[in-house]
Protein chains: 2
Amino acid sequence: MPASEQTWINGEVATALPLPDRGLDYGDGLFETMPVIAGDIPWLGHHLDRLRDGLQRLGFPEDADHQARAHILEALDTRQFHGVMRLTVTRGSGPRGYAPIDRPRLHFVIQLSSMETVGQPALPAASIGRSSITLSKQPALAGIKHLNRLEQVLAARERQTSGFDEMLMTDNEGNAISAISGNLFLVSRGQLLTPTLINCGILGTRRRLLLEELAPALGFECRETTITEADVQNADEVLYCNSVRGFQPVGRYGGRCWQRYPTVYRLQALYRERLHTCGA
Amino acid sequence: MPASEQTWINGEVATALPLPDRGLDYGDGLFETMPVIAGDIPWLGHHLDRLRDGLQRLGFPEDADHQARAHILEALDTRQFHGVMRLTVTRGSGPRGYAPIDRPRLHFVIQLSSMETVGQPALPAASIGRSSITLSKQPALAGIKHLNRLEQVLAARERQTSGFDEMLMTDNEGNAISAISGNLFLVSRGQLLTPTLINCGILGTRRRLLLEELAPALGFECRETTITEADVQNADEVLYCNSVRGFQPVGRYGGRCWQRYPTVYRLQALYRERLHTCGA
């Protein structure tokens, strides 16, 4: 572990997770990956909103989101950090078996990793393949950032040998859902389109930012809809986004190449501007 | 943690898992839950076969199953234990992000828990509800005992408030797949039927034992097939099985009650006999 990493568990500096832990045993928990820019997490409220939704849907105790927020702020308070914070919340320990106990003592794991490039958009435009791993339909878990991520792990392994920068993930019906690590948007006839995430996928914080703030500010109409592979190939521009890399243009997918990304560049410029003016 | 519990990580007595760990981060790993009877794991080979399949499908290093076996035998060697062993194998640590490194140093976590009742069939017959959580279709992960178990956790939470002993889990099309913790079998017109597990579910070690050894020994024809809820309700007998509880008769499901379990009792008797004569 490099010296630039630091881990806390329930507020104490730690290097190891007490066992048993249901996060390890069953993936019974949630996480957030958050850029930290000069000691501040931009749009922290969006991360906490998604976390709260996840905690409720998994049936975690009611004050868990407040505890999470307190642990995040405590870790931020220690230094003017620049990098990435990962918060993992697990249902702590419990007896053997899938059923959780009523009042678990949760484990809040905070990991800070230095990263100079955080907050800077990655360029050049990405080359995207299509993953053979489809995202399975599970409305009970769709949208939230839970710890069951083997589909993404398998897709990431596939990407490693493919030579692509990222992979498009589709659902069982072949509709486009997301990148492995990021939400997908198309610019099509002056509209911004993004996949509906009722059955699978993660409701990204930058997806929300684009839908609620950036698109209206740029005068774009934005729609959540079903998106086919043909829609992707026929789009005027394609991009994906996540909180660490921001908004990334796609230069190539299937038989299609894109050369110009005027909308993505306008988005990136507006994002950079807001990134340095928004408070935590 | 009760005094009757003991944990080893990579052969060393431990109480905590070194972080970062991809098992915690993404559920990137597998597990086996194995009864230990007087220091021995019956049908250990079946557990290791399933583990090997899972390790290969997740792309773990080739000798991982041999390492797992060595750690299991080392832990068994320490005492004449009676209880349950859980082995968890994770892809160890790695850089931030879903993509694993090429040659990870795996984490082998072995947890021993005392349990007097292990190896004894649970009675009376179980009352079964139907879970509202459906098992999602994911052929890339079906069959193996990986660490992404939130569907089972949510179903177990539902069971806790339902008053049922167990829950029937169905797939997206409403076909019966399994109990939360166990494989499902029907006795129907002199045949044993069990759901096909190509798209979801876990290929249980006792399911395999029943298909390959116990059913033939009892003169039953056995078939993997699509099983509807109506098939369950119309069956002559219904049972589920796992390695800790053995073969458990179902006394009630939906509108149907069963009073007699002649086939399950024959199975249980044969199972008990073999349980105490088979080597590890």
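The values are calculated or read from the model by the stated rules, or taken from the named source; none is laboratory data. Quantities reported herein were computed from a predicted structural model and do not represent experimental measurements. Using ideal geometry, Cβ is built from the backbone for each residue, glycine included, and neighbour counts are taken over all protein chains shown. With ligands, DNA and RNA removed, areas are computed over all heavy atoms of the protein, side chains included. Shrake-Rupley method; radii C 1.70, N 1.55, O 1.52, S 1.80 Å.
Which of the residues that make up the range A:137-150 are touching a strand residue (DSSP E or B) at 6+ places or on another chain (Cβ under 8 Å) and at the interface with chain B (Cβ under 7 Å from one of its Cβ atoms)? Explain how you work it out, then say what you get.
Initial filter on the range A:137-150 (touching a strand residue (DSSP E or B) at 6+ places or on another chain (Cβ under 8 Å)): A:137, A:143-147, A:150.
Answer for the range A:137-150, where residues must be touching a strand residue (DSSP E or B) at 6+ places or on another chain (Cβ under 8 Å) and at the interface with chain B (Cβ under 7 Å from one of its Cβ atoms): A:LYS137, A:HIS146, A:LEU147, A:LEU150.
Being crowded, with 20+ Cβ neighbours inside 10 Å and without any contact (Cβ under 8 Å) to a residue 40 or more places away in the chain is the filter; apply it to the range A:47-59 and report the residue that is farthest from A:LEU203 (Cα to Cα).
Going through the qualifying residues, I end up with A:LEU55.
Which residue is surrounded by the fewest Cβ atoms within 10 Å (Cβ to Cβ), if the candidates are limited to the range A:138-168 and must be of a type in the set (Gly, Ala, Ser) and at pLDDT 95 or above? Even if it seems obvious, please write down each step before you answer.
Our first condition is that a residue be of a type in the set (Gly, Ala, Ser); within the range A:138-168, this holds for A:140, A:142-143, A:155-156, A:162-163.
In the following step, the residues that additionally are at pLDDT 95 or above were identified as A:140, A:142-143, A:155-156, A:162.
Details: A:ALA140: 15, A:ALA142: 21, A:GLY143: 18, A:ALA155: 29, A:ALA156: 21, A:SER162: 17.
Top of the filtered list is A:ALA140.
Quick check on the range B:169-178. Is at least one of its residues buried (at least 23 other Cβ atoms within 10 Å of the Cβ) and facing chain A (nearest Cβ under 10 Å)?
No, the range B:169-178 has no match at all.
Condition first: part of a strand (DSSP E or B), touching a residue at least 40 places away in the same chain (Cβ under 8 Å) and closer than 16 Å to B:ALA142 by Cβ. Can you find one or more residues in the range B:227-238 that meet it?
Step one: of the range B:227-238, the residues part of a strand (DSSP E or B) are B:237-238.
Those still in the list that are touching a residue at least 40 places away in the same chain (Cβ under 8 Å) too: B:237-238.
Within this subset, residues satisfying the condition of being closer than 16 Å to B:ALA142 by Cβ are none.
No; the residues of the range B:227-238 include none that is part of a strand (DSSP E or B), touching a residue at least 40 places away in the same chain (Cβ under 8 Å) and closer than 16 Å to B:ALA142 by Cβ.
Can you tell me which of B:LEU184, B:LEU210, B:LEU203 is touching a strand residue (DSSP E or B) at 6+ places or on another chain (Cβ under 7 Å), open to solvent by 60 Å² or more (accessible area, probe 1.4 Å) and aliphatic (A, V, I, L, M)? Let's see the steps before the verdict.
Details: B:LEU184 fails: open to solvent by 60 Å² or more (accessible area, probe 1.4 Å); B:LEU210 fails: open to solvent by 60 Å² or more (accessible area, probe 1.4 Å).
Answer to the check: B:LEU203.
With more than 27 Å from A:GLY27 (Cβ to Cβ) and not β-branched (Val, Ile, Thr) as the only criterion, which of A:PRO124, A:PRO104, A:PRO139 stands out?
Details: A:PRO104 fails: more than 27 Å from A:GLY27 (Cβ to Cβ); A:PRO139 fails: more than 27 Å from A:GLY27 (Cβ to Cβ).
Only one candidate qualifies: A:PRO124.
Run down B:ALA125, B:ALA70 and say which single residue is farther than 18 Å from A:PRO20 by Cβ, open to solvent by 20 Å² or more (accessible area, probe 1.4 Å), hydrophobic (A, V, I, L, M, F, W, C) and free of Cβ contacts under 8 Å to residues at least 60 places away in the same chain.
B:ALA70
Of the conditions (1) farther than 23 Å from B:PRO104 by Cβ; (2) of a type outside the set (Ser, Thr, Tyr); (3) in contact with a helix residue (DSSP H, G or I) (Cβ under 6 Å, 6 or more places away or on another chain), B:LEU30 satisfies every one except a single condition; which number is it?
It is condition (1) that B:LEU30 fails.
Based on what the data block shows, is A:SER132 within 11 Å of another protein chain (Cβ to nearest Cβ), polar (S, T, N, Q) and more than 23 Å from B:MET169 (Cα to Cα)?
Numbers: within 11 Å of another protein chain (Cβ to nearest Cβ): yes; polar (S, T, N, Q): yes; more than 23 Å from B:MET169 (Cα to Cα): yes.
For A:SER132, the condition - within 11 Å of another protein chain (Cβ to nearest Cβ), polar (S, T, N, Q) and more than 23 Å from B:MET169 (Cα to Cα) - is met.
Go through the range A:88-116 residue by residue and tally those that are assigned to a strand (DSSP E or B), open to solvent by 10 Å² or more (accessible area, probe 1.4 Å) and farther than 29 Å from B:MET34 by Cβ. Walk me through it before giving the result.
First, pick out the residues of the range A:88-116 that are assigned to a strand (DSSP E or B): A:88-90, A:107-114.
Imposing the further condition that a residue be open to solvent by 10 Å² or more (accessible area, probe 1.4 Å) reduces the set to A:107, A:111, A:113-114.
Filter once more, so that each one left must be farther than 29 Å from B:MET34 by Cβ: A:111, A:113-114.
Looking only at that region, the number is 3.
Going through the range A:234-276 one residue at a time, which ones are closer than 22 Å to A:SER162 by Cα and open to solvent by less than 60 Å² (accessible area, probe 1.4 Å)?
Selection gives A:VAL238, A:LEU239, A:TYR240, A:CYS241, A:ASN242, A:GLN248, A:PRO249, A:VAL250, A:GLY251, A:TYR253, A:GLY254, A:TRP258.
In this structure, does B:LEU168 turn out to be in contact (Cβ under 8 Å) with a residue 60 or more places away in the chain, in contact with a Phe, Trp or Tyr (Cβ under 9 Å, 6 or more places away or on another chain) and not hydroxyl-bearing (Ser, Thr, Tyr)?
Values: in contact (Cβ under 8 Å) with a residue 60 or more places away in the chain: yes; in contact with a Phe, Trp or Tyr (Cβ under 9 Å, 6 or more places away or on another chain): yes; not hydroxyl-bearing (Ser, Thr, Tyr): yes.
Yes; evaluated as a whole, the condition is true for this residue.
Do we find a residue being in a loop (DSSP other than H, G, I, E, B), at pLDDT 95 or above and within 18 Å of the chain's Cα centre (by Cα) anywhere in the range B:42-58? Break it down stepwise before answering.
Residues of the range B:42-58 that are in a loop (DSSP other than H, G, I, E, B), as a first pass: B:42-43.
From the residues that got through so far, the ones that are at pLDDT 95 or above too are B:42-43.
So of that shortlist, the ones also within 18 Å of the chain's Cα centre (by Cα) come out as B:42-43.
So far as the range B:42-58 goes, yes, one or more of its residues are in a loop (DSSP other than H, G, I, E, B), at pLDDT 95 or above and within 18 Å of the chain's Cα centre (by Cα).
Can you find, within the range A:1-41, the residue that is farthest from A:GLU213 (Cα to Cα) among those that are in a loop (DSSP other than H, G, I, E, B) and more than 14 Å from every other protein chain (Cβ to nearest Cβ)? Show your work before the answer.
Initial filter on the range A:1-41 (in a loop (DSSP other than H, G, I, E, B)): A:1-4, A:10-11, A:14-15, A:19-21, A:27-28, A:38-39, A:41.
Narrowing further to those that are more than 14 Å from every other protein chain (Cβ to nearest Cβ): A:3, A:11, A:38-39, A:41.
Working: A:ALA3: 37, A:GLY11: 34, A:ALA38: 23, A:GLY39: 23, A:ILE41: 17 Å.
It comes out as A:ALA3.
Within the group B:THR117, B:THR90, which residue is β-branched (Val, Ile, Thr) and either within 11 Å of chain A (Cβ to nearest Cβ) or touching a Gly at 6+ places or on another chain (Cβ under 7 Å) (or both)? Step through it out loud before you land on a result.
On the way: B:THR117 fails: either within 11 Å of chain A (Cβ to nearest Cβ) or touching a Gly at 6+ places or on another chain (Cβ under 7 Å) (or both).
Going through B:THR117, B:THR90 in turn, the sole match is B:THR90.
Going by what's in this entry, would B:LEU44 be described as open to solvent by less than 20 Å² (accessible area, probe 1.4 Å), farther than 24 Å from B:MET115 by Cβ and not polar (S, T, N, Q)?
Details: open to solvent by less than 20 Å² (accessible area, probe 1.4 Å): yes; farther than 24 Å from B:MET115 by Cβ: no; not polar (S, T, N, Q): yes.
No: the conditions fail for B:LEU44.
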